[in-house]
Amino acid sequence: MFALGHTGITLGAAGAAVGLESATASSAGQATVNGSSMVALVIGANLPDLIDKPIGVFAPDFGLGTGRGIAHTLLFNLGILATGVYMSDRGLPWLMYMALASLGHLVLDEMWRLPRVLLWPLYGFSFPRVGRRGLVAQILAWWRALRTEPGVYVFELAGALLMVLFYIWRYSGGIG
Ligand SMILES: [Zn+2]
């Protein structure tokens, strides 16, 4: 999945969660996601790719040429979540939102299919590596999939639609 799918589906899920909480809270309308939390959600939804993809592009020989490395591991994301919960208890919830969105990224990437990365370092300290030629082939495969595979572009289009709906909902007073 690419950025539109990750961002839109995460914002859609956050909007649904806030809407559900508002609907079930004793005093309706209390649940809010402010602007900085929304930015944290957008960054978190793409955080693993923002970290691992540049490493994969600029240093494929480093061993992260698949574009899925340290930031796609459970260890990294649970570490952020633990820090986020600690900060949230002190009135700064944005890192927790970012961590939850980043964990959602792992689900949308179906990382259980890559247990060697997801459960790093249980299977050893090295990540699956592709050489420079493998990386170029992978980028071309991503581009081809984006244009030709309904299972890929449908999620990107759905993500774009959800982003539009989320922003309409937010700026029509859905959340504070
Ligand atoms: Zn990813």
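Some notes on this structure:
- Single residue of THR83, THR66, THR7 found to be at pLDDT 80 or above, surrounded by 19 or more Cβ atoms within 10 Å (Cβ to Cβ) and closer than 29 Å to PHE127 by Cα: THR7
- Complete set of residues in the stretch 122-138 that are out of contact with any helix residue (DSSP H, G or I) (no Cβ under 8 Å at 6 or more places or on another chain) and modelled with pLDDT under 80: ARG133, VAL136, ALA137, GLN138
- Complete set of residues in the stretch 92-108 that are at pLDDT 95 or above and among the hydroxyl-bearing types (Ser, Thr, Tyr): SER102
The values are calculated or read from the model by the stated rules, or taken from the named source; none is laboratory data. Nothing here was measured: the structure is a model prediction, and the numbers come from that model. Because the Cβ atoms are built from the backbone with ideal geometry, glycine has one as well, and the counts that use them run over all protein chains shown.
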